[in-house]
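Have a look at the structure below before the remarks.
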Amino acid sequence: MSIDLNPSADQRQILDAAQSLLNARFPVDRLRHAHPDSLAEIADFGALGLALPEAEGGSGFNLADEALLHVAFGRHLVSPSVLAGALATRVALALERRDLAQAIMAGQVKVSLALPTSEALHLLDAQEAALALLRDGPALTLLDLSGAALTPLASTDESLTLASAAPGTLATIGTSDSAPLFLVADLLLAANLLGIAEATRDMAVAYAGIRQQFGQPIGAFQAVKHHCANMAIAAEIAAAQLDMAALHVQENQPDAAFQVASARHLAHSAALGNARLNIQIHGGIGFSAECDAHLFLKRAHALAHVGAPPDLLAHKAPLTPFERS
């Protein structure tokens, strides 16, 4: 059976509109000023409920559309609170808290991503957040941040605030252990990582075309060509796998968990590998604060800590062709 993985007309329209918004309001160089992202415009765009049914207040698109949108968010290093909000909306609906889901989708309630550690919960971009989303084991938990005592921490990714909360000090709103929702969480995380891989590939190729050395662009040298080619291959492989995983989750295929685990593994590898090579291709300036290359590497590391990656070997590899349900 053949599957057309090219973006549909609807998907192109969504991505074109999103790209216009991101180019105008979320250029990567905004992060040099260390101001938190305002998510109101992203909420107005419908991003926090894009793949939810219209009957539940969503936009009625599908999961593949939403994954492509999160790739664009990853390319622009949009706050992980967007990912947290998209998932928290689903958790709230699973808990039959439709009022809360509507408030999150409308951008009235900001959600922080919570990272579990052995001693405390670390909260990413918790500034002005009312809730936190914790991905721990096979469950997603919504936590109430109102009245919580948070301790500011130094963040490796200085474009994101980081705070610590002692376990047990945050009230639990509810937990969902829905397997499909857990797959969506890993899929959208992989999409954000893929966006980093694609952005750093493009950044490296562009710089290799303008940086002159020995009277010619450094992109003319074989070693740099090989690095750029490897970055392109890594991003394309991860993109193809993300598309396949989104389709398998969307169509409720029996090997969806394997496909999502593969997508997260490949996107994680591509994001970190491409971000490192981008710095290397930029040479001395790539290690400086004046160059945005370091921002992608730091964000890739931050996202890589959002829950333990799925065990790829724990899933049975698919042996049958894709079948639509």
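Working from Cα pairs under 8 Å separated by at least six residues, relative contact order for the chain is 16 percent.
Here the chain exposes an accessible surface that is 55 percent carbon and sulfur, computed with a 1.4 Å probe and the other protein chains kept in place. Ranking Lys110, Lys225, Lys298 from most to least accessible surface, computed with a 1.4 Å probe over the protein chains only, gives Lys225, Lys298, Lys110. Globularity index of the chain is 0.99 (Cα radius of gyration / 2.2 N^0.38 Å, N = number of residues).
The Kirkwood radius of segment 60-112, taken over pairs of alpha-carbon atoms, gives through the Stokes-Einstein law at 4 °C and 1.567 mPa s a diffusion coefficient of 112 µm² s⁻¹. Note on segment 231-325: the alpha carbon radius of gyration divided by the globular reference 2.2 N^0.38 Å gives 1.31. Only beta bridges with both residues in segment 14-140 are counted; by DSSP, about 60 percent of them are antiparallel. Take every DSSP beta bridge whose two residues both sit in the chain; close to 85 percent of them are antiparallel. Convex hull of alpha carbon positions in segment 10-108: directionally averaged projected area 5.9 nm². Hey, for a label at His305 modelled as a point 7 Å past Cα toward Cβ, could you say which residues of segment 104-118 have their backbone N under 20 Å away? Residues 111-118 qualify, since their backbone N sits under 20 Å from the label point. When you count the other C-beta atoms within 10 angstrom of each residue and take the mean per peptide, 302-310, 231-239 line up highest first as 231-239, 302-310. Computed with the Debye formula from one identical point scatterer per Cα of segment 114-171, without solvent, the log10 of I(q)/I(0) at q = 0.13, 0.22 Å⁻¹ comes to -0.29, -0.84.
Rolling a 1.4 Å sphere over the protein heavy atoms, what is the accessible area per residue of the chain, to the nearest Å²? The partial results should precede the final answer.
On the way: 14870 Å² over 325 residues.
On a per-residue basis, the chain sits at 46 Å².
Among residues other than Ala139 with Cβ under 15 Å from its Cβ, the summed charge is -1 (Lys and Arg +1, Asp and Glu -1). Under 13 Å from a label point set 7 Å out along the Cα-to-Cβ vector of Phe221, the amide N atoms of segment 268-284 belong to 280-284.
Using the average count of surrounding beta-carbon atoms within 10 Å as a protection proxy, the listed peptides 211-219, 136-144 rank, highest first, as 136-144, 211-219.
Protein chains only, probe 1.4 Å: how do Met105, Met244 rank by accessible area, largest first?
Working: Met105 15, Met244 55 Å².
Heavy-atom accessible area, descending, gives Met244, Met105.
Using C-alpha pairs below 8 Å separated by at least 6 residues, the relative contact order for segment 1-151 is 17 percent. Helical runs (DSSP H, four residues minimum) scored at -39500 (n - 2.57) apiece and divided by the length of the chain put the mean residue ellipticity at 222 nm at -16500 deg cm²/dmol.
Over all other residues within a Cβ to Cβ distance under 14 Å of Ile104, the charged ones net out to -1, with Lys and Arg as +1 and Asp and Glu as -1.
Calculate the FRET efficiency for Ala9 and His33 from the Cβ-Cβ distance with a Förster distance of 35 Å, rounded to the nearest 0.05.
Details: r = 37 Å, r/R0 = 1.06.
Between Ala9 and His33 the formula returns 0.40.
The values are calculated or read from the model by the stated rules, or taken from the named source; none is laboratory data. Since we're looking at a predicted model, the values are computed, not measured. Cβ coordinates were reconstructed from backbone atoms using ideal geometry, including for glycine residues, and neighbour counts include every protein chain displayed. These accessible areas exclude ligands, DNA and RNA; they are computed on the full protein's heavy atoms, side chains included. Shrake-Rupley method; radii C 1.70, N 1.55, O 1.52, S 1.80 Å.
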